[in-house]
Amino acid sequence: MEWFATLSLALGSAWTSGINLYATVTVLGLIQKFGFAKLPGGLDVLDHWAIIGVAGFLYLVEFFADKIPYVDSVWDVIHTFIRVPAGVIVAYAATYQLDPGIYIPAALVGGGLAFSSHGTKAAVRVGANLSPEPVSNWVLSIVEDIIAFVGTILAVFAPVIIAIVLVVFTILFIWFFPKIVRALRRTFQSVGAFFGGKSMAK
């Protein structure tokens, strides 16, 4: 069942990358660095202090940016082009030593999971930004960080649990997909309006 554990780690890490890429990389790097687990495939390179340091620094930047209304939406739009490809890379790096019949679909599914988790995060933030009170941004950001940290740890140490989480999430994502697409469209339109000098709160 080693292939299952590797696949679960790959897809679980890709999923959390869509929520918070930098938290995911930092946790994986520290797990490998301190010998808590041996990461599969090419993920072992994440234990380099330079990678951990850069990921940790960017996590701190995101930690604060993610809690400012509208700035978080701009950050999410930019990271659409970072988190999703990163999900593909993480899934591929973890599984490339397996059979091509596994690592190629894993990379594709990993990108899909990263996109779905990123899209859900961005969609929820749009609703929060339209709320009259700012507390929800802080709460959502902290919850997202917790999910990213715990999800990454589960991906490494509890493959069955993270697999169940991914199945449940995928079902819910498909159910709410139309609303998520509409919210993402509003996000891109709002960010475009923001840079165009118009209000994002329309």
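Can you find, within region 60-103, the residue that is surrounded by the fewest Cβ atoms within 10 Å (Cβ to Cβ) among those that are in a loop (DSSP other than H, G, I, E, B) and among the hydrophobic types (A, V, I, L, M, F, W, C)?
Within region 60-103, the match that is surrounded by the fewest Cβ atoms within 10 Å (Cβ to Cβ) is I68.
Could you list, ordered by first residue, the pairs with Cβ atoms under 6 Å in which the first is in region 11-32 and touching a residue at least 24 places away in the same chain (Cβ under 8 Å) and farther than 21 Å from V168 by Cβ and the second is of a type in the set (G, A, S) and surrounded by fewer than 24 Cβ atoms within 10 Å (Cβ to Cβ), at least 6 apart or interchain?
Pairs that qualify, where the first residue is touching a residue at least 24 places away in the same chain (Cβ under 8 Å) and farther than 21 Å from V168 by Cβ and the partner is of a type in the set (G, A, S) and surrounded by fewer than 24 Cβ atoms within 10 Å (Cβ to Cβ), are L21/A86; Y22/A55; V25/A55; T26/A55; T26/G56; I31/A37.
Looking at T152, T187 in this structure, which one is hydroxyl-bearing (S, T, Y), in a helix (DSSP H, G or I) and at pLDDT below 95?
T187
Which of the residues that make up region 92-104 are of a type outside the set (V, I, T) and modelled with pLDDT under 95?
Y96, Q97, L98, D99, P100, G101, Y103
For the structure I just gave you, tell me whether F57 is modelled with pLDDT of 95 or more and either in contact with a Lys or Arg (Cβ under 7 Å, 6 or more places away or on another chain) or assigned to a helix (DSSP H, G or I) (or both).
yes
L98 fails exactly one of the following numbered conditions: (1) more than 23 Å from D145 (Cβ to Cβ); (2) free of Cβ contacts under 8 Å to residues at least 24 places away in the same chain. What is the number of that condition?
Answer for L98: the failing condition is (2).
For region 25-55, enumerate the residues that are touching a Gly at 6+ places or on another chain (Cβ under 8 Å) and buried (at least 16 other Cβ atoms within 10 Å of the Cβ).
T26, L46, D47, I51, I52, A55
The values are calculated or read from the model by the stated rules, or taken from the named source; none is laboratory data. Worth saying up front: this structure is predicted, and the values here are computed from it rather than measured. We place every Cβ from the backbone using ideal geometry, glycine too, and count neighbours over all the protein chains shown.
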